[in-house]
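Here is the structure we will look at, set down as structure tokens.
The values are calculated or read from the model by the stated rules, or taken from the named source; none is laboratory data. Not measured: the values here are computed from a predicted model. When we count neighbours, we look across all protein chains shown, and the Cβ atoms used for this are built from the backbone with ideal geometry, even at glycine.
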Amino acid sequence: MVKLIKRIAMVFVFLLLAGCQPHEEQANLKWFPSKEAAIEAGLQQEGAERTAVLDIVEENGETLVFFERFDALGVAQIAKGPEGFGWYRDRGYLKFETDSEDPPFSYAGFDLQTYSGSKVSVIAGKVHNPSVQKLLLRNGGNEQELQLHGESGWFFAAHDSEFRSLNVVPVYQ
């Protein structure tokens, strides 16, 4: 029990520190003629390759780019403005560290503040135990399967619910 409490505390401290990182000022955004050009420039700015992109998701008119760097998850938004498209991140990276397969997965919820000022709620996590075949995200009577991305085991989804009402359920092999 003490080990579990220490792990939860470590994740909370990391999220707190990651959220306190300086944000790129909106006024200093570099603009590009297309979303693809903004993604390429943003990845270069992050020091990441194109292969680091796990998924590009459209949510409520916002384009979110989920990518991996140094075994951590980054989430950027492709801002749209009169000047074109820009890479915008409002928070640090999300990382879960564990030295075992227990717990089988870790996850957290957070809100992204987009360039346009809207809020997108995200649940994201990482599978640590290879016997987890898939994960189900449950919210009341609704259920959706969360995609596991590559060998890294990252999973994520945008949602419209309160984080505490969500339940992530593993399905084992």
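Per the listing E97, E62, E145, the residue uniquely more than 22 Å from E46 (Cα to Cα) and within 17 Å of the chain's Cα centre (by Cα) is E145.
Quick check, is A38 hydrophobic (A, V, I, L, M, F, W, C), part of a helix (DSSP H, G or I) and crowded, with 17+ Cβ neighbours inside 10 Å? Yes: the conditions hold for A38. In the set (1) in contact (Cβ under 8 Å) with a residue 60 or more places away in the chain; (2) under 30 Å from V171 (Cβ atoms), the condition left unmet by L29 is number (2).
Taking the criterion of being free of Cβ contacts under 8 Å to residues at least 24 places away in the same chain and either part of a strand (DSSP E or B) or not acidic (D, E) (or both), the residues of the range 71-115 that qualify are A72, P82, D111, Q113.
Cβ separations smaller than 7 Å between residues 6+ apart or across chains give the following pairs from the range 45-66 residues that are over 18 Å from A79 (Cβ atoms) and touching a residue at least 12 places away in the same chain (Cβ under 8 Å) to residues that are surrounded by fewer than 17 Cβ atoms within 10 Å (Cβ to Cβ) and not charged (D, E, K, R): L54/G150. On the stretch given as the range 145-173, residues that are in a strand (DSSP E or B), without any contact (Cβ under 8 Å) to a residue 40 or more places away in the chain and surrounded by 15 or more Cβ atoms within 10 Å (Cβ to Cβ) total 3. Could you count how many residues in the range 143-173 are in contact with a Gly (Cβ under 9 Å, 6 or more places away or on another chain), at pLDDT 85 or above and either of a type in the set (A, V, I, L, M, F, W, C) or more than 21 Å from Q77 (Cβ to Cβ) (or both)? Matching residues across the range 143-173 total 7. Kindly establish whether F105 is touching a helix residue (DSSP H, G or I) at 6+ places or on another chain (Cβ under 8 Å) and at pLDDT 55 or above. No. What about G86, is it within 11 Å of the chain's Cα centre (by Cα), crowded, with 18+ Cβ neighbours inside 10 Å and closer than 16 Å to T114 by Cα? So G86 fails the test.
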